[in-house]
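**Student:** To start, I am sharing the structure in question, which I have written as structure tokens.
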Amino acid sequence: MTSSDSKPVIVGMSGASGSLMAKATVDELLLRNVPTILVCSNDARLVWHEEMDQPFNEELARWREHPHFRHYAISDMRAPIASGTFPTRGMVVVPCSMNSVASIAHGLASNLLLRSADVCLKERRQLVVVPRETPLHSTHLENLLTLSRMGAVVLPPDPAFYLRPQGIGDIVQFVVGRILVALGVDEALEQGLQYRPDEA
Ligand SMILES: Cc1cc2nc3c(=O)[nH]c(=O)nc-3n(C[C@H](O)[C@H](O)[C@H](O)COP(=O)(O)O)c2cc1C
């Protein structure tokens with residue numbers, strides 16, 4: 001393990017549709033023993049309630065059993081991830097609402113998720129944003145372009161239709177695989193051991 005590997009990855013869960021993607025991202029990071037710090041917006045919990053069978057607090061209790069997992073409240077501006085002096089490997093916001101996209105793009109940092117993303121940008125650390133909205137209007141697109149120009153990876157959760165996904169689980173696993181590659185936490189995926197079109 002290199003010193004970079006021991007730094008935590010921050011997972012920010014905002015109030016867009018797609019709680020399954022956030023859950024799978026945390027699960028896959030912990031499966032790889034990647035230190036993982038979770039922060040969820042209040043609306044993310046609302047969406048979770050709509051979309052998931054298991055209550056959020058039960059999932060949180062399960063994650064807390066993992067020695068590499070930490071969680072901070074959205075209002076906890078004294079959490080270490082609110083400061084650039086706390087070393088992290090980067091952050092993924094999954095799913096990322098248009099509200100959070102707009103806030104991050106414009107340097108607004110009124111909660112811990114937004115502040116952590118802002119810190120990643122200012123410290124030139126990896127920031128991966130998984131926006132979820134459709135259709136998109138011009139301001140959504142301009143905000144995403146702003147994020148991309150600031151160095152963030154904009155990773156829409158689009159299905160890989162060429163892989164002929166058999167269900168939502170396949171789509172989620174594909175998106176999470178792309179997230180892990182963007183964060184640089186999965187060497188096998190990075191080395192191209194995932195799907196190649198000529199193997200279809
Ligand atoms: C069930 C549900 C689904 C939602 N889905 C989306 C969505 O897919 N994309 C989006 O941008 N906002 C969505 N919203 C609206 C956001 O939750 C809302 O804009 C909120 O202010 C986002 O706050 P946050 O960025 O702090 O999480 C949804 C809200 C609810 C209750």
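The values are calculated or read from the model by the stated rules, or taken from the named source; none is laboratory data. Everything numeric in this text was worked out from a predicted model, so none of it was measured. Here the Cβ positions follow ideal geometry from the backbone for every residue, glycine too, while neighbour counts run over all protein chains shown.
**Student:** Which residues, counting only those in region 1-13, are touching a residue at least 24 places away in the same chain (Cβ under 8 Å) and more than 14 Å from the ligand (Cβ to nearest atom)?
**Tutor:** So in region 1-13, the residues touching a residue at least 24 places away in the same chain (Cβ under 8 Å) come out as 4-13.
Answer for region 1-13, where residues must be touching a residue at least 24 places away in the same chain (Cβ under 8 Å) and more than 14 Å from the ligand (Cβ to nearest atom): Ser4, Asp5, Ser6, Lys7, Pro8, Val9, Ile10.
**Student:** For region 79-121, which positions are closer than 20 Å to Leu145 by Cα, within 9 Å of the ligand (Cβ to nearest atom) and not hydrophobic (A, V, I, L, M, F, W, C)?
**Tutor:** Once the filter is applied, which keeps residues that are closer than 20 Å to Leu145 by Cα, within 9 Å of the ligand (Cβ to nearest atom) and not hydrophobic (A, V, I, L, M, F, W, C), region 79-121 yields Pro95, Ser97, Asn99, Ser100, Ser103.
**Student:** Which one of the conditions (1) surrounded by fewer than 18 Cβ atoms within 10 Å (Cβ to Cβ); (2) closer than 27 Å to Gly84 by Cα; (3) within 16 Å of the ligand (Cβ to nearest atom) does Ala16 fail to meet, given that it meets all the rest?
**Tutor:** In the conditions (1) surrounded by fewer than 18 Cβ atoms within 10 Å (Cβ to Cβ); (2) closer than 27 Å to Gly84 by Cα; (3) within 16 Å of the ligand (Cβ to nearest atom), Ala16 misses (1) alone.
**Student:** Just need a number here: residues in region 60-100 that are assigned to a helix (DSSP H, G or I) and either basic (Lys, Arg) or modelled with pLDDT under 95 (or both). Talk me through it step by step, then tell me what you get.
**Tutor:** Within region 60-100, the first condition is being assigned to a helix (DSSP H, G or I), and the residues that meet it are 60-64, 80-82, 98-100.
This time we only want the ones that are either basic (Lys, Arg) or modelled with pLDDT under 95 (or both), so: 62, 64.
The qualifying residues number 2.
**Student:** To continue, here is another question. Is it true that Ala24 is in contact (Cβ under 8 Å) with a residue 12 or more places away in the chain and either more than 20 Å from Val176 (Cα to Cα) or among the aliphatic types (A, V, I, L, M) (or both)?
**Tutor:** Details: in contact (Cβ under 8 Å) with a residue 12 or more places away in the chain: yes; either more than 20 Å from Val176 (Cα to Cα) or among the aliphatic types (A, V, I, L, M) (or both): yes.
Here the answer is yes, as Ala24 does meet what is asked.
**Student:** Shifting gears a bit: Could you check Thr146 against (1) within 23 Å of Arg45 (Cβ to Cβ); (2) touching a His at 6+ places or on another chain (Cβ under 8 Å); (3) away from the ligand (no atom under 14 Å from the Cβ) and say which number it fails?
**Tutor:** Among (1) within 23 Å of Arg45 (Cβ to Cβ); (2) touching a His at 6+ places or on another chain (Cβ under 8 Å); (3) away from the ligand (no atom under 14 Å from the Cβ), the lone unmet condition for Thr146 is (1).
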